[in-house]
Amino acid sequence: MGFFKGVERGNYVYEPSLIGRWLWPDHLSGNDVNRQGQREVTRPDPSFMPFAKHPLSTYMNWFHVNAIFATWRTLVFVIRHSLRTRFGHRPTTKTRGDDSAESFTRRMKEFALQHPQVDIVGVTRFKPEYCYEGTGDPQYPWVIIIGRAMDYDKLARNMDQDFSHTIDQVIGGYERSQQAAFAIANWIRGQGYEAKAHGGLDTTKGEIFLTLPHAIDAGFGNLGKHGSIINDQLGSAFRLADVVTDAPLVPDEPRDIASDDFCMSCRKCVEDCPPGAISDEKQWVRGTYRWYIDFDKCVPYMAENKGCAICLATCPYSRPGVAPKLTQKMLRQRERKRGQA
């Protein structure tokens, strides 16, 4: 065991670094903070957010500092992201058009999909239950979610324990998707409506909320066994960003792409996760029965191995060209089963 880097002991056991063990509060489980096992619907604690007050705040601040200074490139991504967060919004035009919600949504999506950093886009209502405790209720009725693919070939080097490009794809992916979110927000502001963009590295107090469940509600796909979304175009290897707005929009519907049927029998991410953080069983978490990643096992390894993301790279859906074909296969199988019932 090193001071900054832990040791893999085999059999899915990872012993965190000395500093990691020192910063982690004694007798505290991140799974308890996340309310694993709870069947009552409640808002989440900001356990993964930097610079927020919660029992794991000291450790998570160290986690984020590790990510920021992992390479000079990640530092550049974070600086760009921070500057855009502070100065990137343009003034809102005072004159509004008379578009219907259907027309405005169509034009917004056309604009979004022309941006080089947007691969998928969806719209959903801003849900209060996806806000962190202590942040208040949503100030805008709508959330626009965008997804931007990571470079799979670079990301997949992590499966050979080469994490040199992983952090670039994770942090860089957040910065690139944030570029697009600000372009969309400024386009909406140019139409006379309020809009605010957020990226995956935002730390703005009172504006951080759960993006992933909003993305599922916006039709991006299903939650995978590895705790990330599986999309029928991009697999799991993509980053999210969002825009909140009061513009007239039409929500997308959630889509069941039958990836859960595949996850039930697939064990790739379970077997390839070095610290053994992924389970074959779903869990109750804050009132939802879903796939859940063991926080106490995942986070120390991810913090000390430049973001890890092995589960995203090893997921069969993430391999280039596989997601559309595998989705159609699983949907056909489901239909056959229904016909035989």
Region 273-299, residues that are aliphatic (A, V, I, L, M) and either at pLDDT below 95 or not in a strand (DSSP E or B) (or both): 277, 299
Among the candidates 311, 273, 298, 263, residue that is under 19 Å from residue 149 (Cα atoms) and of a type outside the set (Ser, Thr, Tyr): 311
Residues located in region 109-132, provided they are in contact with a helix residue (DSSP H, G or I) (Cβ under 7 Å, 6 or more places away or on another chain) and assigned to a helix (DSSP H, G or I): 111, 112, 130
Hey, residue 306 open to solvent by 50 Å² or more (accessible area, probe 1.4 Å), at pLDDT below 95 and touching a Ser or Thr at 6+ places or on another chain (Cβ under 9 Å) or not: yes
Number of positions in region 235-255 that are open to solvent by less than 30 Å² (accessible area, probe 1.4 Å), assigned to a loop (DSSP other than H, G, I, E, B) and either among the charged types (D, E, K, R) or out of contact with any Ser or Thr (no Cβ under 6 Å at 6 or more places or on another chain) (or both): 1
Among residues of region 134-175, those that are in a loop (DSSP other than H, G, I, E, B) and either basic (Lys, Arg) or farther than 30 Å from residue 251 by Cβ (or both), counted: 6
Qualifying positions in region 37-84 - at pLDDT 95 or above, of a type in the set (Lys, Arg) and outside any helix (DSSP H, G or I): 39
Of all residues making up region 202-215, the number that are of a type in the set (A, V, I, L, M, F, W, C), surrounded by fewer than 22 Cβ atoms within 10 Å (Cβ to Cβ) and in contact with a Phe, Trp or Tyr (Cβ under 8 Å, 6 or more places away or on another chain): 2
Residue list for region 90-108, restricted to those being more than 18 Å from residue 183 (Cα to Cα), part of a helix (DSSP H, G or I) and open to solvent by less than 60 Å² (accessible area, probe 1.4 Å): 101, 103
Qualifying residues in region 256-271 (those that are open to solvent by less than 50 Å² (accessible area, probe 1.4 Å), not in a loop (DSSP other than H, G, I, E, B) and not hydroxyl-bearing (Ser, Thr, Tyr)) - the one nearest to residue 196 (Cα to Cα): 260
Within region 139-150, tally of residues that are in contact with a helix residue (DSSP H, G or I) (Cβ under 6 Å, 6 or more places away or on another chain) and either open to solvent by 40 Å² or more (accessible area, probe 1.4 Å) or farther than 13 Å from residue 173 by Cβ (or both): 3
Top-ranked residue in region 43-61 [being of a type outside the set (S, T, N, Q) and open to solvent by 30 Å² or more (accessible area, probe 1.4 Å); ranked as farthest from residue 193 (Cα to Cα)]: 55
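The values are calculated or read from the model by the stated rules, or taken from the named source; none is laboratory data. Because the structure is a prediction, the values reported are computed rather than measured. Here Cβ is always computed from backbone atoms with ideal geometry, including for glycine, and neighbour counts include all displayed protein chains. Surface areas here come from the heavy atoms of the whole protein model, side chains and all, with no ligands, DNA or RNA. Shrake-Rupley method; radii C 1.70, N 1.55, O 1.52, S 1.80 Å.
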